[in-house]
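The values are calculated or read from the model by the stated rules, or taken from the named source; none is laboratory data. Remember, predicted model here, so these are calculated numbers, not experimental data. Every residue, glycine as well, gets a Cβ built from its backbone with ideal geometry; the counts of neighbours run over all protein chains shown.
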Amino acid sequence: MSGRAARALVTAVILVAVCAGIGIYIGLYLINVPGSVAATSTATGTQLYLATVPAAELTDPHPDWVSYYVVNSSSTDWRHDTTFQVPANTLVHFTIYQYDTATGLRNPYFSQTAGTDGSVLYNGKPAAVVNPAAPAHTFAIPQIGLSVPLPGANANAKNLCANAPCPLSDAHVTVSFTFRTPAKGLYRWQCFVPCAAGFIQGNGGPMQTVGYMGGFLKVV
Amino acid sequence: MSTIAVTPGAPRTGWRQLLGFNMLTGIILGIGGWFIGYSAIGPHIHGVGVAYYATESGQNDIGIMLGYFLGVVGFLVGLGFANYPVQRMLGAAPSLAEKESEEQGLFRYFSLSTDHKVVGKQYMIGIGLFFFVAGLNAMLIRTELLQPNVHVFGANQYLTLVGLHGAMMMGVMTSGILGPFANWLLPIMIGSRRMAFPRIESFTFWLLMAGSVILLTTIFFGGFQTGWTGYQPLGDQGTAGYDAYIGFFACVGIAMTLFGFNIIATIVTMRAPGMTWSRLPIFAWGSFATATLMLLAAPMLIAALLMATMDRTVQTAFYVPGQGGSSYLFENLFWFFGHPEVYILALPGFGVVMELIVVFARKPLWGYRLGIAGMLGVAFLSFFVWQHHLFVSGMNADLRPFYMLSTELISVPTGFVFLCVMGTLWRGRIRFTVPMLFCLAWVFNFLWGGISGVFLSDVPSDVTTHGSFFVMAHFHYTIMGGLVFAFFAAIYYWVPKMYGFNLNERLGKIHFWVMFISFNSTFAPLFALGLLGMPRRVVTYATNLQGLNDWVSVSAYVLGASMLVFLFNVVWSLGFKREPAPVNPWHSKSIEWQLPTPVPVHDFDRFPVFDPDPYPYGVEQVPAGAPATAPAGGAAA
Amino acid sequence: MDDKPHFRNIALLWLLASVIVTPIIVFVVGPGLPPGTGTVEAAGQVTDNTVLLALATPVALGVLVYMLYAMWAFRERTPEVIVDGPPIRGNASIQFWWLAVTTTMVLFLAGYGTVRLLADGSGGGQGPNPISVPKPPAGTRVLPVQVIAQQWQFTYRFPTYGGVETRTLDLPEHTLIQFNVTSLDVIHSFWAYQLGVKADANPGVNNVAYVTTKGPLNFEVRCAELCGVWHGYMFNSGTVVSRAQFASWITQQRVQYAPATGNLGPYSKTYFPQPLRRGG
């Protein structure tokens, strides 16, 4: 093979390798973008069921991390997504099955519910404020002033859930609330309890990774 | 002066060339070292606290740091850096016997080489590679910022992109000009055959490569969300990706310290007779000024990161408030390094531009001593200004006027450099070659970078602009508009001598004009974005700023495309066309151009005799092409 | 060497450009400079920026005019012949005057900036022991507002109103506000753009910044220091309203958030909430 042809071949091979490398490089960033889940519309309005667990599924890349999941009303169908799609300017109804034990709030200001339409129901009973040491997590959308503390399950219970998925028979607190979605756009939500065990100030790891303790609200 | 023992080994053929101490062995031993540290030793380091945190968080920081450390050690041992120290400890005589032979072709570039010209070319390719990776990150960042409410990347992936772009550019481009060009040119310019410590020279290169690879592994560990400044305690909160950041800057810090040390030792001790301090080319002075900063500032970074490592691994509290630590400690330690660091980036640009405009205006450097004073003044003052990064942080308010003054004062020696450039052009005979175009663009870009720096140094003005895109525009104008433009000027200027082939001039001019226009189109609006209230490192922004952001993103894509033009030029001209370059295409009177192309392994046969005048232009009118009987730059053969 | 009066040409061109452009910059661009004149400190920043611009414009024009002129006048007209230029190595007088003028300008700017900074603090965070404390408008008292930065939301606490904490920020007009900025976790930065205020929020530190509000104003607050994954989303808006509106707003907040206020600890300049180490 002549010198020039050899160089052309080598250049072509390197070019393909470089393009493949770039593709893989960009792909490594994109594969970790969590998917999104749409809230279901039922006869009684728009509903979404979520669950918070002390540790993600054993097959998850981070099986030790706390996490939110999207579930159904019987807590049997579990999806690991934290982007929720809801219609604009509508009253939506969230129900959260809270399976984790308490950590306590960093800022006790978040012990009071805010931004909901009507009261928040904790195991069926309405309450406006909880003990600041009680929450295991919160669900908050700062851009619209929504903040709901989620009390922890009884730490002494015998049937605490270890890893997702958790059945309804495991110890949990059911929190449900309604709020009016804002205008179309992308909003973010997060937990305000420093619940990332093993990370300094409890705010690393799952708190800083979309798909665990924070996500987006896609209002369409 | 000892003679150099050049003992070429028996040339190997075929696959046997891959055996022995080279990059392949280094990679294999490096991977082995990683696994020993991370998988074998790491999980067995038990302290009660450590085990608990590792289980809860699912990451073993000790294992990762050990893995990186042993990986780098393995890599360097595999390359052969341990051979000479071990031999000497066993009693062998000093020698420079490794790999100075002219055989072995391409394999020289994948191993430990004591030929400074090989190390220079290794730097050029290695730095070029990571420069383009970091540039790719910038394209991805601008893609994310096209729309405030549509996210292409996840929020934490975006922050990793931002951090990777910044860290990789800062770590790699500190040696961006000195690595390829000081290594290649400095010994020749001072009449020596080598740097003072050739193995250290090669060591700094390979350590930088190892560090850059470590930085890229952050993607596999979740990335880091602190940006290149790595503030604590946010970094402490990070997942294992932050350990890659620490590993990278540890390697960069050590490489920088040793590199600066090598340059200083070379210039101080290895100058040929007749090469006095007042006769040094201005590029050598620029390298010297930069090297003092590298030597003195880089260790601070290593210290700051060592403490961060201890916070993350063995639960100390250097930066944890409430436990005796302080977030201010990291900020101050980091910026004590960080501010000289940005002058490490800027000073080589000063040296290159002043060196090159002499050739293309065909006049001696105007104000040679003033230029030296300017560069040394900048270097000295750069240690006294770091708190201007902390004006609104709650630092002691009494100190702010002092740092405002010191930062404003730095513009005076910088102004000297501008005066030298402008004076050199006065009544010159300016030729608009591609290197000269880049140098002239440097003047324009650094003007805006410098003036915006004056605004930032003024505390009342800084209150609005700190932490906003105004700062981003300022440092991109100085670092990219300054350093990177000088980097390309140096490439177009010295490639004919380093590689023996011409780069296509037309493609070079296209590269220049597209880059210059798109660069300004990309970064000038960032001043406005910052002034309109957009903070740095944000994944979303006010919707009324979308128009400006889209303009910037499109311009950035064009800027990226200009780099592709450059890459095409390099591959085409050096790979295919291979038009042999004349010995002295720019008719420069500097010594490197009086040597033949390619420059022989040992550079000079005899000590060069230097004209006492470093820039003898206009002293005797030399017609084009006529070889001077006694080249003013020194006899080379 | 030609004997055209290059120096005179450049000087005249520069003078002409400066005389035309500088007033445009100062009188047309200046008043519109950020962050606007909505508060006393913001207006002070605008004045400061205008002075800086007024000085920077002739300097930039000087370099630009010279470079453009030089590239045109001193270009090589016969490129086929390599001819050197005259061996001019320097000029002591020019170097001296350049040094003198640039140093004087720099010292003036540093002095002016110091004077402006010490006058009212320019809205910047001054740390726990501020040295530039503006006087409150006649007949009013300073209103302390604590800005609590946490990952990833700002909340505001009013110590003189029972320590109530709010998530939105209303401020009374024509009042001296004393922001006490602190953080509960990592470094944030409280940037109230139209107020002209920026103060870093450091954990365990009280960073004081002053602003004297003028008339009603809408302002946006953004976090200006990278604080983690939701840094870009850490923003809220605020308004400067009349004193009466402010009084009724804060009363409404106190009533509505009485239970939360009961759970908050006593007001303090800094907080060290758990977990301090790795916990959760």
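Conditions (1) surrounded by fewer than 22 Cβ atoms within 10 Å (Cβ to Cβ); (2) part of a helix (DSSP H, G or I), marked per residue:
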position: B:513; (1), (2): yes, yes
position: B:519; (1), (2): no, yes
position: B:522; (1), (2): no, yes
position: B:525; (1), (2): yes, yes
position: B:533; (1), (2): no, no
position: B:548; (1), (2): yes, yes
position: B:565; (1), (2): yes, yes
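Can you name the residue in segment C:1-49 that is in contact with a Pro (Cβ under 9 Å, 6 or more places away or on another chain), within 10 Å of another protein chain (Cβ to nearest Cβ) and under 29 Å from residue C:178 (Cβ atoms) and is also surrounded by the fewest Cβ atoms within 10 Å (Cβ to Cβ) among such residues?
Among them, the one singled out is C:47.
Among the residues of segment C:61-87, how many are buried (at least 18 other Cβ atoms within 10 Å of the Cβ) and at the interface with chain B (Cβ under 7 Å from one of its Cβ atoms)?
9
Being out of contact with any Gly (no Cβ under 7 Å at 6 or more places or on another chain) and assigned to a loop (DSSP other than H, G, I, E, B) is the filter; apply it to segment A:96-110 and report the residue that is farthest from the other protein chains (Cβ to nearest Cβ).
A:99
Would you list the helices (runs of 4 or more DSSP H) that sit entirely within segment B:415-480 and hold 3 or more residues that are at the interface with another protein chain (Cβ under 8 Å from one of its Cβ atoms)?
B:434-457, B:459-465
Only one of these conditions is not met by residue B:222: (1) modelled with pLDDT under 95; (2) closer than 24 Å to residue B:336 by Cβ. Which number is it?
Result: residue B:222 passes all but (2).
Give segment A:193-213 a look and list any residue that's under 9 Å from the mean Cα position of the chain (by Cα) and more than 7 Å from chain B (Cβ to nearest Cβ), or say none.
A:211, A:212, A:213 - these are the residues of segment A:193-213 that are under 9 Å from the mean Cα position of the chain (by Cα) and more than 7 Å from chain B (Cβ to nearest Cβ).
Here is a list of conditions, (1) touching a Lys or Arg at 6+ places or on another chain (Cβ under 9 Å); (2) within 14 Å of chain A (Cβ to nearest Cβ), and residue B:233 meets all of them except one; can you say which number that is?
Single failed check for residue B:233: (1).
Mind listing just one residue for me: the one in segment B:318-353 that is within 14 Å of another protein chain (Cβ to nearest Cβ) and of a type in the set (Val, Ile, Thr) and, of those, surrounded by the fewest Cβ atoms within 10 Å (Cβ to Cβ)?
B:320
Against the condition surrounded by 18 or more Cβ atoms within 10 Å (Cβ to Cβ), within 19 Å of residue C:250 (Cβ to Cβ) and within 14 Å of chain B (Cβ to nearest Cβ), how does residue C:190 come out, does it pass?
Criteria not met by residue C:190.
Go through segment B:158-187 and report how many residues are among the aliphatic types (A, V, I, L, M), within 22 Å of residue B:283 (Cβ to Cβ) and crowded, with 24+ Cβ neighbours inside 10 Å.
Of the residues in segment B:158-187, 6 are among the aliphatic types (A, V, I, L, M), within 22 Å of residue B:283 (Cβ to Cβ) and crowded, with 24+ Cβ neighbours inside 10 Å.
Which of the following residues is crowded, with 24+ Cβ neighbours inside 10 Å, more than 14 Å from every other protein chain (Cβ to nearest Cβ) and part of a helix (DSSP H, G or I): B:306, B:356?
B:356
Within segment A:165-182, track down each residue that is among the small types (Gly, Ala, Ser) and either in a strand (DSSP E or B) or in contact (Cβ under 8 Å) with a residue 24 or more places away in the chain (or both).
Residues satisfying the conditions are A:171, A:176.
Among the residues in segment C:196-204, are any in a loop (DSSP other than H, G, I, E, B), touching an Asp or Glu at 6+ places or on another chain (Cβ under 9 Å), within 10 Å of chain A (Cβ to nearest Cβ) and touching a residue at least 12 places away in the same chain (Cβ under 8 Å)?
no
Testing residue A:147 on (1) outside any strand (DSSP E or B); (2) free of Cβ contacts under 8 Å to residues at least 60 places away in the same chain; (3) among the polar types (S, T, N, Q), one condition comes back false. Which one is that?
Here residue A:147 meets the rest and fails (1).
Which residues, counting only those in segment B:81-110, are at pLDDT 90 or above and outside any helix (DSSP H, G or I)?
Scanning segment B:81-110 gives B:81, B:82, B:90, B:91.
Inside segment C:247-274, can you point out the residues that are more than 34 Å from the chain's Cα centre (by Cα) and either under 18 Å from residue C:184 (Cα atoms) or more than 7 Å from chain A (Cβ to nearest Cβ) (or both)?
C:255, C:256, C:258, C:260, C:262, C:263 - these are the residues of segment C:247-274 that are more than 34 Å from the chain's Cα centre (by Cα) and either under 18 Å from residue C:184 (Cα atoms) or more than 7 Å from chain A (Cβ to nearest Cβ) (or both).
Among the residues in segment C:239-246, are any in contact (Cβ under 8 Å) with a residue 12 or more places away in the chain, more than 11 Å from chain B (Cβ to nearest Cβ), buried (at least 24 other Cβ atoms within 10 Å of the Cβ) and not small (Gly, Ala, Ser)?
Yes, because at least one residue in segment C:239-246 is in contact (Cβ under 8 Å) with a residue 12 or more places away in the chain, more than 11 Å from chain B (Cβ to nearest Cβ), buried (at least 24 other Cβ atoms within 10 Å of the Cβ) and not small (Gly, Ala, Ser).
State the number of residues belonging to segment B:537-560 that are out of contact with any Gly (no Cβ under 6 Å at 6 or more places or on another chain) and within 13 Å of chain C (Cβ to nearest Cβ).
Count: 6.
Would you pick out the residues in segment C:129-172 that are within 10 Å of another protein chain (Cβ to nearest Cβ), in contact with a Pro (Cβ under 8 Å, 6 or more places away or on another chain) and assigned to a loop (DSSP other than H, G, I, E, B)?
Answer for segment C:129-172, where residues must be within 10 Å of another protein chain (Cβ to nearest Cβ), in contact with a Pro (Cβ under 8 Å, 6 or more places away or on another chain) and assigned to a loop (DSSP other than H, G, I, E, B): C:152, C:167.
Need the failing condition index for residue B:228 against (1) part of a loop (DSSP other than H, G, I, E, B); (2) modelled with pLDDT under 95, just the number.
Of (1) part of a loop (DSSP other than H, G, I, E, B); (2) modelled with pLDDT under 95, only one is false for residue B:228: (2).
Can you tell me which condition residue B:203 does not meet? The list is (1) in contact with a helix residue (DSSP H, G or I) (Cβ under 7 Å, 6 or more places away or on another chain); (2) surrounded by fewer than 22 Cβ atoms within 10 Å (Cβ to Cβ); (3) more than 30 Å from residue B:281 (Cα to Cα), and all the others hold.
Going through the list (1) in contact with a helix residue (DSSP H, G or I) (Cβ under 7 Å, 6 or more places away or on another chain); (2) surrounded by fewer than 22 Cβ atoms within 10 Å (Cβ to Cβ); (3) more than 30 Å from residue B:281 (Cα to Cα), residue B:203 breaks only (3).
Name the residue, out of B:365, B:376, B:381, B:405, that is within 8 Å of another protein chain (Cβ to nearest Cβ), over 24 Å from residue C:187 (Cα atoms) and surrounded by fewer than 24 Cβ atoms within 10 Å (Cβ to Cβ).
That would be B:405, the only listed residue that is within 8 Å of another protein chain (Cβ to nearest Cβ), over 24 Å from residue C:187 (Cα atoms) and surrounded by fewer than 24 Cβ atoms within 10 Å (Cβ to Cβ).
Restricting attention to segment B:46-64, and to residues there that are of a type in the set (S, T, N, Q) and in a helix (DSSP H, G or I), which single residue is modelled with the highest pLDDT?
Taking the candidates together, the pick is B:57.
Within segment A:111-125, is even one residue surrounded by 23 or more Cβ atoms within 10 Å (Cβ to Cβ), of a type in the set (Gly, Ala, Ser), in a strand (DSSP E or B) and within 14 Å of chain C (Cβ to nearest Cβ)?
Looking for residues that are surrounded by 23 or more Cβ atoms within 10 Å (Cβ to Cβ), of a type in the set (Gly, Ala, Ser), in a strand (DSSP E or B) and within 14 Å of chain C (Cβ to nearest Cβ), one finds none in segment A:111-125, hence no.
With at pLDDT 95 or above and either surrounded by 18 or more Cβ atoms within 10 Å (Cβ to Cβ) or not hydroxyl-bearing (Ser, Thr, Tyr) (or both) as the only criterion, which of C:229, C:211 stands out?
Checking each option against the conditions leaves just C:211.
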